[in-house]
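The values are calculated or read from the model by the stated rules, or taken from the named source; none is laboratory data. Keep in mind it's a predicted model, so treat the numbers as computed, not measured. Cβ coordinates were reconstructed from backbone atoms using ideal geometry, including for glycine residues, and neighbour counts include every protein chain displayed. The protein model used for the area step is the full one, side chains on, heavy atoms only, and it has no ligands, DNA or RNA in it. Shrake-Rupley method; radii C 1.70, N 1.55, O 1.52, S 1.80 Å.
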Amino acid sequence: MVFNSIAFLIFLPIVVLLFYLLPHKWRWLMLLAASCVFYMWFVPKYILILLVTIVIDYGAGVLMERYADRRKLKKTVFIISIVSTLTVLLVFKYLNFLTANLDQLCASLGMETHLLTHIILPIGLSFHTFQSMSYVIEVYRGHQKAERHFGYYALYVMFFPQLVTGPIERPGNLLHQLHEKKEFCYENISKGMRLILFGFFVKMVVADHLGEYVDEVYGHLDEYNSWSVLGCMFFYSFQIYCDFFGYSTIALGSAKLMGFDLMDNFRSPYLSKNIAEFWHRWHISLSTWFRDYVYIPLGGSRVKFGRWAFNILVVFVLSGIWHGAAWTFLLWGFAHGLLHIIEKALRNRFPSKESQSKWLKIGVDVLCVLKTFILVTLFWVVFRATDLEHLKAIFVTAFTNFGGGEQMSVKPGMWIYLGLFILSDIVLRNTRFDAWCEGKPMAVRWMIYAVLVFMVIACSSVKNFPFIYFQF
Amino acid sequence: MKKLLIRIGIVLVMLLILNWVYSKWFFEKDLRKHSDIVELSWQVIDDSCRIIYLGESSNNHYGDEESNHRKISDFTADYFPTMKMGDLTKEASHAQTYYYMLKHIPATSAVETVVVTMNLRSFGPLWIYSKLETPLRKQLVLLEDYPPLVNRFLLAFKAYPVKTEEEWNELVFEHWRNDTFSIPNFAWRTNVDWDYGMYSYGWYDANGQRDWDLTALACHYIKTYAFEINDDNPRVKDFDAIVDLCRERGWKLVFNLMAENVDKANELVGKDLMLLFKKNHDYLMQRYGSLEGVTVVDNLNLVRDVNFIDQDWTTEHYYEEGRRIVADHLALALREFYPDDYHNPDSLKLDVGHYFLGDLRTLDKQHPYSMTLMLTADSIRPDWDMVNVAFELKRQDDLCNPVFAVEKHGVQGEKSIDSYAVKEQIQKNDAWDFATYALPVDSVFRTAQIIKLYVHNFSDSPIQIRNLDVSFRPAYLKPRVKAQTYKSADANDGK
């Protein structure tokens, strides 16, 4: 079930109503059933894969706690759990890519092989496997008590607001909330509704309208000139941000209606001054996952520069591959890692001077934000390209075809929607929409609601753009 | 709770205001942008448009090499030069689309008669669950009967089937797999069985090699036409809704059942598929042909293989001759409603089941025979068991002795003539009057090699005769042309 559908608009109020009507002891069951319905709305049979992961990791959690004092056995259970989860990921997400490349490699060596598989990726696989793994790791480390109730554990992995596109929750944040008794609270409803409304605006009005231009230009590169392709790069940066941010915001709002607080996934990432800051603000649940479970175990930053650079590259390449099984994603992750290393090296070489005047500092900050945005935008091209050939075609057209081809015409409404979003992103830099509304007079608040409702209904794109991160 | 109720109240007021704003400044623009069928009807239907033709690609397709690109609706309109016929054609449309198109014709319009394309293929799963359904159904959302803002809300939240091509295909396969044929002792259980049977058995070329192209085409004919229409078919429900709507709006309704390539279906697949054609055809004719205020123009078998543009696929795209045949047939049905506006065309063979000889002849002792319709027995379909004959006649006095004759030549050269007196049917002198006959298509008809239909007058008193109209049909269908509506421009001659 997708958030921007009539089905979800019917489903959500029913679930919320049932949640508050049922006694606490039955709520987990209702939420689990609702989550199953939500997931099975896409392709019902894929729930079996989810079930396998849940059963293995639940069992692993219980066993690891039982054999806490037998380190070897605990470690074996831990490894079995991680390997089995990663195997699911490998088979369903990476096998097509691996077999295709093996076929190509063999062909280049003069051997004809037909290893290529055509396995369909179950929706949200990367998200829920990572969420499940975080539980196993936390239990192994002793930071989290194993969940004894299978239903609650299954609900932790399957909780529908964040099931298919995150945020990738940690057991420390979500599991205990699922056990807590939630009372009906107007404030939660109000905050949840605000977030959902704002999420719909960001996704349906901004992201989907931008998507129309991006798909058109990237799909017909030979017809457009360089300015159009450059414009399209700029638009894609906001499309992917608004698409994912919109989804996360709706997820947060949906959970909030029932009193659950999910972690923030974005904090105005395009206002970052450097790539390190960008990753503190972009897809926070994933970047902190990699930080806690890959980067720090590798040694983090408390190592020599060379080793640190290696750690960073490993983390970013893994992050790239996490997004998708293609060379473009690997390249995208590598580019981010490399930029991170270069920036750090430059900062070490040229430390900022404290004595700068306030205005000079603001000027430098603005330039840094622009620099980071431009580089991230260029990297998004790598992310968006369907393959390396397409990537090459985009860059060639973007920088060599200023004279020929059509100029993409952008409707004024598009600039208004994008302008409104950029303004909101600046205003909401250190806060969330629901909290920001809190302090406003009632008339202003309702005026904002009216404008958003109207825009979501009357100005949203009518083209069907699935959430971009669904494919991961 | 009070707080909540106040908020709900505010939301309701807000929505009412937003609906007003949207209706006033945005809705029409959105309709033009997202529901172009309404835009189309706004362009086409004006105060003078009395007949509208609703069609799909069968109306506006022409062969690449053809210089004449005129549509079926254009050819039909030629018969009614004094009337304006509107044409609402949209590719891949079907009954549901037509229903919405009709629903949005303004009540103030001058529309009197609605011609709705009825496409046999559109009743099958291949069309019902076509990938084109997503954009088509999306177009209809803004045309729902809700307030404009609600319609736009439904459009924004995709209240139409958003499915990928694979998902649509899966639905089609589901029906092919699960819909069983209800015909007793039928050779095939489901479409899939039949398709597989054809694939396994297949076609071979002259060298005895498997002809995969022909086999694939035969399989495609099975996929397209091997289904049974019943009351649960969604298209039947849509056509029923059109009937109700037309009754409500006081419109005359004509369903124009399009010609399919039955020649090729018969050649490639054979009698089992022909049986389904007949069954589905009979279902539609019985369901709609007998309804008051509804006319079904039956073109199903009229167009021959050579007149179909697409030879390697199933479509209703005809070359000019095919388009003309359908148009002529339709015009004849419309003549029933607009006899005074009907422009008498040249003598024309309309179709294998319907013949019209529009000449005017004077019959006297020297020239006793009228124009003659000559048929071969193999042109009479097995399901035709009635023949309706009508012509117009003007006499000077009652001394004339006109006779309508059916002359049958047997295989051995034997000849028999059935004669029917005309005199009783003619009441007036010096005025055009009508003679009509409903005759059974008996065994003599079927075994004869050649059949001739004509009128003769051997008397001294001359008569004039024109517009010999002969139509063959199954007995349960009402005559397509009612003699009492034959009123020509000079029908009141002599008054």
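Observations, loosely collected:
- Checking B:Leu154, B:Leu149 one by one, the residue that is closer than 21 Å to A:Val205 by Cα, open to solvent by less than 20 Å² (accessible area, probe 1.4 Å), within 11 Å of chain A (Cβ to nearest Cβ) and part of a helix (DSSP H, G or I) is B:Leu149 and no other.
- Long-range neighbours under 6 Å by Cβ, at least six apart or interchain, first residue under 9 Å from B:Pro148 (Cβ atoms) within the stretch B:14-30, second surrounded by 14 or more Cβ atoms within 10 Å (Cβ to Cβ) and not acidic (Asp, Glu): B:Asn19/B:Pro147; B:Asn19/B:Leu149; B:Tyr22/A:Ala458; B:Tyr22/B:Pro148; B:Tyr22/B:Leu149; B:Ser23/B:Pro148; B:Phe26/A:Ala458; B:Phe27/B:Pro148
- With respect to (1) assigned to a strand (DSSP E or B); (2) more than 19 Å from B:His367 (Cβ to Cβ); (3) without any contact (Cβ under 8 Å) to a residue 60 or more places away in the chain, the lone exception for B:Glu407 is condition (2).
- Screening B:Ile72 on (1) more than 14 Å from every other protein chain (Cβ to nearest Cβ); (2) farther than 26 Å from B:Tyr338 by Cβ; (3) β-branched (Val, Ile, Thr) shows it passes everything except condition (2).
- Scanning the stretch B:418-453 for residues that are assigned to a loop (DSSP other than H, G, I, E, B) and within 27 Å of the chain's Cα centre (by Cα) yields a total of 1.
- Among (1) outside any helix (DSSP H, G or I); (2) exposed (fewer than 15 other Cβ atoms within 10 Å of the Cβ) - the single one B:Lys33 does not satisfy: (1)
- Restricting attention to the stretch A:44-57 and to residues that are open to solvent by 50 Å² or more (accessible area, probe 1.4 Å) and over 28 Å from B:Ala156 (Cβ atoms), the residue that is nearest to the other protein chains (Cβ to nearest Cβ) turns out to be A:Lys45.
- Applying the condition of being more than 11 Å from chain A (Cβ to nearest Cβ) and open to solvent by 40 Å² or more (accessible area, probe 1.4 Å) to the stretch B:1-19 and asking which residue is farthest from A:Asn188 (Cα to Cα) yields B:Leu16.
- Within the stretch A:164-218, tally of residues that are basic (Lys, Arg) and assigned to a helix (DSSP H, G or I): 3
- Among the criteria (1) at pLDDT 95 or above; (2) closer than 16 Å to A:Thr165 by Cα; (3) not acidic (Asp, Glu), the one A:Leu12 does not fulfil is (2).
- In the stretch A:291-303, the residues that are among the aliphatic types (A, V, I, L, M) and open to solvent by less than 30 Å² (accessible area, probe 1.4 Å): A:Val294
- Number of the condition not met by B:Asp378 [criteria: (1) open to solvent by 50 Å² or more (accessible area, probe 1.4 Å); (2) touching a strand residue (DSSP E or B) at 6+ places or on another chain (Cβ under 7 Å); (3) modelled with pLDDT under 85]: (2)
- Number of residues in the stretch A:13-43 that are in contact with a helix residue (DSSP H, G or I) (Cβ under 6 Å, 6 or more places away or on another chain) and either among the β-branched types (Val, Ile, Thr) or within 14 Å of another protein chain (Cβ to nearest Cβ) (or both) equals 2.
- Whichever residue in the stretch A:249-290 is touching an Asp or Glu at 6+ places or on another chain (Cβ under 9 Å) and basic (Lys, Arg) and, among such residues, is surrounded by the fewest Cβ atoms within 10 Å (Cβ to Cβ): A:Lys273
- Answer residue from the stretch A:3-27, given it is surrounded by fewer than 18 Cβ atoms within 10 Å (Cβ to Cβ) and in contact (Cβ under 8 Å) with a residue 60 or more places away in the chain and is nearest to A:Glu183 (Cα to Cα) among those: A:Tyr20
- Restricting attention to the stretch A:319-364, the residues that are surrounded by fewer than 11 Cβ atoms within 10 Å (Cβ to Cβ) and either of a type in the set (Gly, Ala, Ser) or at pLDDT 90 or above (or both) total 3.
Quick grid of which residues meet (1) at pLDDT below 95; (2) surrounded by fewer than 20 Cβ atoms within 10 Å (Cβ to Cβ); (3) more than 13 Å from B:Tyr99 (Cα to Cα):
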residue	(1), (2), (3)
B:Ala218	yes, no, yes
B:Asp232	yes, yes, yes
B:Lys237	no, yes, no
B:Arg249	yes, yes, no
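- Test: residue in the stretch A:117-124 that is of a type in the set (S, T, N, Q), farther than 19 Å from A:Ala33 by Cα and either modelled with pLDDT of 90 or more or open to solvent by 10 Å² or more (accessible area, probe 1.4 Å) (or both): yes
One line per residue, one yes/no per condition, for (1) aliphatic (A, V, I, L, M); (2) away from chain A (no Cβ under 11 Å); (3) open to solvent by 30 Å² or more (accessible area, probe 1.4 Å):
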position: B:Pro125; (1), (2), (3): no, yes, no
position: B:Tyr129; (1), (2), (3): no, yes, yes
position: B:Arg137; (1), (2), (3): no, yes, yes
position: B:Val141; (1), (2), (3): yes, no, no
position: B:Asp145; (1), (2), (3): no, yes, yes
position: B:Lys158; (1), (2), (3): no, no, no
position: B:Glu170; (1), (2), (3): no, no, yes
position: B:Thr180; (1), (2), (3): no, yes, yes
position: B:Val192; (1), (2), (3): yes, yes, yes
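- Flag for B:Thr314 being open to solvent by 20 Å² or more (accessible area, probe 1.4 Å), touching a residue at least 24 places away in the same chain (Cβ under 8 Å) and among the polar types (S, T, N, Q): no
- With respect to (1) under 27 Å from the mean Cα position of the chain (by Cα); (2) at pLDDT below 90, the lone exception for A:Lys392 is condition (2).
- Helices (runs of 4 or more DSSP H) enclosed by the stretch A:400-472 - at least 1 residues per element that are farther than 27 Å from A:Ser5 by Cα, within 13 Å of chain B (Cβ to nearest Cβ) and out of contact with any Ser or Thr (no Cβ under 6 Å at 6 or more places or on another chain): A:442-458
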